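The values are calculated or read from the model by the stated rules, or taken from the named source; none is laboratory data. These numbers were taken from a predicted model, which means no experiment stands behind them. Positions of Cβ are generated from backbone atoms using ideal geometry, with glycine treated the same way; all protein chains shown enter the neighbour counts.
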Amino acid sequence: MDPVLVLAQGTLATDPGGQVRTRVTVRNVGDIVAQYRVEVLGEAARWSTVVPQHVSVLPGESEEQTVEIVFRPPPAPAAPVGTIPFGVRCVSLENRDVAAVVEGDVVVSPVQGLDVRLRGDGPKGARAGRFRIELRNTGTTDLSVSLEVADAAELLRFVLAPQVVEVPAGRTVPAYLGVQARNPRLFGKPVPHAFTVTYRVSRSDRAGELPGTFEQRAVVRKGWVVLALLLVVAGVLGYLWLRGQGGTVDLRTGRPPPVEIESLEAVPGGVRVVWLRSPYASGYGIQEWTKGVTGTSSNGVDDPDQTSFLWDGLTEAEHCFQVRAVAGEVPGAFGAEECVAVPSAEVTPTATPEPTPTAAGPAGTPFEPQGWYVRWGNFPQDDTANAGAADALVAALQAAGALGVQLKSSADSAAFLEGPNGVPNTVVFTDGLPDEPTAKAQCETFRSVAAQCIWQQGAS
C-alpha cells in the first residue's frame, strides 16, 4: 500500500539567498516494515535538501517518521521570483510502484539591488571629456533609472544619453556622458571642475549621487610652445641650408589620418553620421553604400568644425559609412566602416514641383544615364552665388583630360536626386562606361579635380 504523507506547511516564504524549513511526516499503512526514499520534485529540487533522505517506517498508523526539508534559493540576481510550486515524493525502495506525493509552494520575494559607478573614458581635455555611467542590477526585478547631472559652479555643459535607463535583472547597462567647459583656457595649469551625477529608481525611494571631476587643460601648452619654436628654428635653418646648396624646397601637404565615426543615429529614411573632429581637416568626405548592393555614394562637408551630417533619402536596408578628413586638396584615408539598419521613411504625398529650365539642358526632356556612369558633382540651381560652378567643373575636367562630360538637370532623370525642398540640381556626369572597374578607374583618375565623385550603374 502507498505511504501516507503529511506536509507541515503548504506555503513557505523566503528571500533570495535565504532559507526556509518544513517537515514531512511519513506513515506506513501496510503490514510490514517499509523502506522509503524521500525526494523533492519541481524547480525547487535544485536548491533543496532532504534530511534524512531514506527512512524505515514500522507498520501502523501510530508509527511515523519525520523528514526535514530545507529550501535555499540562490542569491539575487540568479534567484527565481514569485510562487515556486514543489512536490515531495515518497517512494518504496522495494517496489517503485508504491509511492505518494504531497504538494506545496515556496514564495520567493523580489529584491531590488543597484550598483552605479562613474568611469572616466577621457576625463581630461582642453575642450571636452567623456565619461561612462555603469548601472548593474543586482536584484531580481527590472529597474527604470533616471539620471541627471549638474555642476554647482555652472562652468560646464553636459550631454547625457540616455537620461532614463532600463536595467534588466542581472544585467549591466551603460549611459554615456559628455562634459564640455563653457569657457576655454588658452594658457595656464590644468583646472579641475567638480560635477555630480544623480540617479533615481522609479517607483522607489532608492536614489544616490556620484561625484565626478573634469580636468580642463589649456588649449596651448607650454611644451607645444617650446616645440613650435624648435620647429620654426629648424625650418629656418633648413631653408638657409637649401639656399646655400642652390636647391629648391618642395613643401607638400601630408595626408591627414583616418577619421573615426563616433555614432550612427538611424532615423526613418536617413542616418545622422557623427564623427570625431580632426585637427588636420579643412573639410570632410563621407562615403555610403548599401550592404548587398554594388556602388557607393559620397558627400562632403566644407566646415572643419562640423562633425555631423544627416544623410537622408536612404532605403530600408543596412547602410554602411566611412569618413575621411580633407586637408586643402589632399584627401586622407577613410576610417573604419560602421553600419546601421535604416527604417523605412513615412511617405507623405507632396506636390511635384515644375522643373526649372537651366543651362544643363531643356527642362522636361526625359533622360537616364546609360551603362555605368560617374557623377562628378551636384550644384543646386537656386544657388545664385555659385551659378557658374557646374560649368567651371566641366572646364576643369576637360582640361585634365576627361572625355564625355555632360550637364543635365536632376528634374529630367529618376537616377539623379534633387536638392532640399525639391529644388533641382545641375548634375555633372560621364555615362556610357562599359563596367564598374572602368567607372571606378575614371573616378579615381580625376579625383584631384572632383573630390566627391561617385560611380553607379544607370540604365542598361
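Residues of the range 29-55 being over 20 Å from V101 (Cβ atoms) and not hydrophobic (A, V, I, L, M, F, W, C), which ones? Working first, answer last.
Taking the range 29-55 and keeping what is over 20 Å from V101 (Cβ atoms), we get 31-33.
Once the filter is applied, which keeps residues that are over 20 Å from V101 (Cβ atoms) and not hydrophobic (A, V, I, L, M, F, W, C), the range 29-55 yields only D31.
Pull up the range 267-296, narrow it to residues that are among the aliphatic types (A, V, I, L, M) and in contact with a Leu (Cβ under 9 Å, 6 or more places away or on another chain), then point me to the one that is farthest from Q322 (Cα to Cα). Can you show your working first?
Step one: of the range 267-296, the residues among the aliphatic types (A, V, I, L, M) are 267, 271, 273-274, 276, 281, 286, 293.
Among the residues that remain, those that are also in contact with a Leu (Cβ under 9 Å, 6 or more places away or on another chain) are: 267, 271, 273-274.
Details: V267: 18, V271: 13, V273: 9, V274: 11 Å.
Restricting to residues being among the aliphatic types (A, V, I, L, M) and in contact with a Leu (Cβ under 9 Å, 6 or more places away or on another chain), the top hit is V267.
How about the range 110-126: which of its residues are farther than 30 Å from I84 by Cβ and without any contact (Cβ under 8 Å) to a residue 60 or more places away in the chain?
Within the range 110-126, R119, D121, G122 qualify.
List every residue pair whose Cβ atoms sit under 7 Å apart, with the two residues 6 or more apart in sequence or on different chains, where the first one lies in the range 399-413 and is under 17 Å from A450 (Cα atoms) and assigned by TED's automatic domain parsing to the domain that holds C443 and the second, anywhere, is at pLDDT 85 or above and of a type in the set (G, A, S).
So the pair list comes out as G404/G432; L407/A390.
Looking at the range 71-82, I want the residues that are surrounded by fewer than 19 Cβ atoms within 10 Å (Cβ to Cβ) and have a partner that is in a loop (DSSP other than H, G, I, E, B) with Cβ atoms under 6 Å, at least 6 apart or on another chain. Which pairs are those?
Close Cβ pairs satisfying both conditions: R72/Q19; P75/P16; P75/G17; V81/P110; V81/T140.
Does the range 264-297 hold any residues that are assigned to a strand (DSSP E or B), surrounded by 19 or more Cβ atoms within 10 Å (Cβ to Cβ) and hydroxyl-bearing (S, T, Y), and which are they?
The answer is Y284, S297.
Given the conditions (1) modelled with pLDDT under 95; (2) under 21 Å from the mean Cα position of the chain (by Cα), which single one is not true for A152?
Unmet for A152, out of (1) modelled with pLDDT under 95; (2) under 21 Å from the mean Cα position of the chain (by Cα): (2).
Within the range 18-64, count every residue that is closer than 14 Å to V106 by Cα and more than 53 Å from the chain's Cα centre (by Cα).
Adding up the residues that qualify gives 1.
Between D431, D382, D412, D435, which is buried (at least 19 other Cβ atoms within 10 Å of the Cβ) and either at pLDDT 85 or above or within 39 Å of the chain's Cα centre (by Cα) (or both)? Please lay out each step first, then the result.
On the way: D382 fails: buried (at least 19 other Cβ atoms within 10 Å of the Cβ); D412 fails: either at pLDDT 85 or above or within 39 Å of the chain's Cα centre (by Cα) (or both); D435 fails: buried (at least 19 other Cβ atoms within 10 Å of the Cβ).
Of the residues listed, the single one that is buried (at least 19 other Cβ atoms within 10 Å of the Cβ) and either at pLDDT 85 or above or within 39 Å of the chain's Cα centre (by Cα) (or both) is D431.
Tell me, which strands (runs of 3 or more DSSP E) wholly within the range 148-195 include 1 or more residues that are under 11 Å from F214 (Cα atoms) and among the small types (G, A, S)? Can you show your working first?
On the way: elements: 156-161, 164-167, 172-181.
Where strands (runs of 3 or more DSSP E) fall fully within the range 148-195 and carry at least 1 residues being under 11 Å from F214 (Cα atoms) and among the small types (G, A, S), they are 172-181.
Pick out, from the range 1-104, the strands (runs of 3 or more DSSP E) lying fully within it that include 3 or more residues that are closer than 30 Å to T138 by Cα. Before you say what the answer is, go through the steps one by one.
Working: elements: 4-7, 11-14, 20-27, 34-41, 48-51, 54-57, 64-71, 82-92.
Qualifying strands (runs of 3 or more DSSP E): 11-14, 20-27, 48-51, 64-71, 82-92.
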